[in-house]
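The values are calculated or read from the model by the stated rules, or taken from the named source; none is laboratory data. All values derive from a computational prediction rather than experimental measurement. Every residue, glycine among them, receives a Cβ derived from its backbone with ideal geometry; neighbour counts consider all protein chains shown. All accessible areas refer to the heavy atoms of the entire protein, side chains included, with ligands and DNA or RNA removed. Shrake-Rupley method; radii C 1.70, N 1.55, O 1.52, S 1.80 Å.
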Amino acid sequence: MPEPLTFYFDFSSPYSWIAAERIGDLAARYGRDVRWRAILLGPLFKESGNRPLINQPIKSDYFRRDFVRCLRLHGLEGDLPAKFPVPTAAAARGFLWLSEIGEAAAIDYALALFRAYFQDERDISDRLVVADIAAERGHDRGALLSVVEDPAWKGRLVEEVEEARRDGVFGAPFFLVDGEPFWGADRLDMVDAWLAKGGW
């Protein structure tokens, strides 16, 4: 079996949402699975000296325009929430927990979180909102609330961020394809070509 694609994302990253909506179909065309990896960009930004696009002069205006333009390109509806960006530790811990239960359940939850944030402006930094979204997808609300406060799951998320750092991740979305790194939702077209050609 070919190696799965690795997909690093942060729930507060708008381009991660676009990638999340596309990566499954792209990988399936080449008989590949996808390893979804929820991380936090904050620690990685501190190390790289980067900061959210919305906080960068001049670039922030372009970013606002580009995001909605990319949504239209891919047939998605949404916008930047008024509260942006937001901390996503609770959402990411919930994802890690659900990944242990089942990959399909975790992916369904991840997509629900992205849509709740970028389409419905629900505050996914709030653990109660995150638990509500999990419950709407058929999961135990109380169990998820316990997970997001559990030191063991907090530690697991720290480990995920450390692994991302070792993989050279500095932004999201970030993909590894047979060891080759690609950064950005717009690089999915390059990933497609890479898989079709076997690299170059």
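Side notes on the structure shown:
- Taking 0.36 nm per residue of separation and subtracting the current Cα-Cα distance, fully stretching the chain between Glu163 and Asp120 would add 12.3 nm.
- Shape call, the stretch 46-114: gyration tensor on alpha carbons, a/c limit 1.5: oblate
- Ranked by the mean number of other Cβ atoms within 10 Å of their residues, highest first, the peptides 167-173, 122-128 fall in the order 167-173, 122-128.
- In Hz, Karplus ³J(HN,Hα) per residue of the stretch 23-38 (6.51, -1.76, 1.60; θ = phi - 60°; x = Gly, Pro): 5, x, 5, 4, 4, 4, 4, 10, x, 9, 8, 10, 8, 7, 10, 6
- Taking every protein chain into account, the accessible area of the stretch 113-200 amounts to 50 square angstrom per residue (probe 1.4 Å).
- Distances between every pair of Cα atoms in the stretch 58-200, grouped in 5 Å steps from 0 to the bin holding the largest one, split as 2, 9, 15, 17, 19, 18, 13, 6, 2, 0 percent.
- The DSSP beta bridges internal to the chain are antiparallel in roughly 60% of cases.
- Here the stretch 1-153 is treated with +1 on each Lys and Arg Cβ and -1 on each Asp and Glu Cβ, and its dipole about the Cα centre works out to around 560 debye.
- Full-stretch length increase - Met190, Gln56 - with 0.36 nm per residue and alpha-carbon distance subtracted: 45.6 nm
- For the stretch 57-122 versus the stretch 170-200, the inter-centroid distance based on Cα atoms is 20 Å.
- Estimated distance in nm for a label pair at Ala82 and Lys46, the labels positioned 7 Å out from Cα along Cα-to-Cβ: 3.0 nm
- Taking every alpha-carbon pair in the stretch 75-130 and binning the separations at 5 Å intervals from zero gives 4, 21, 29, 23, 15, 7, 1 percent.
- Selection from Ile107, Met1, Leu76, by position along the positive dipole direction of the chain (Cβ): Leu76
- Net +/- balance of residues flanking Ala152 in space, Cβ distance below 12 Å, scoring K and R +1, D and E -1: -1
- Computed FRET value (nearest 0.05) for Glu149 with Val68, which takes r as the C-beta separation and R₀ as 22 Å: 0.05
- Surface share of carbon and sulfur [accessible, 1.4 angstrom probe, percent] for the chain: 50 percent
- Shape call, the stretch 1-68: gyration tensor on alpha carbons, a/c limit 1.5: oblate
- In Å², nearest 10: area of Glu21 left accessible to a 1.4 Å probe: 50 Å²
- A simple spin-label model places the labels of Ala135 and Leu111 2.4 nm from each other, with each point 7 Å out along Cα-to-Cβ.
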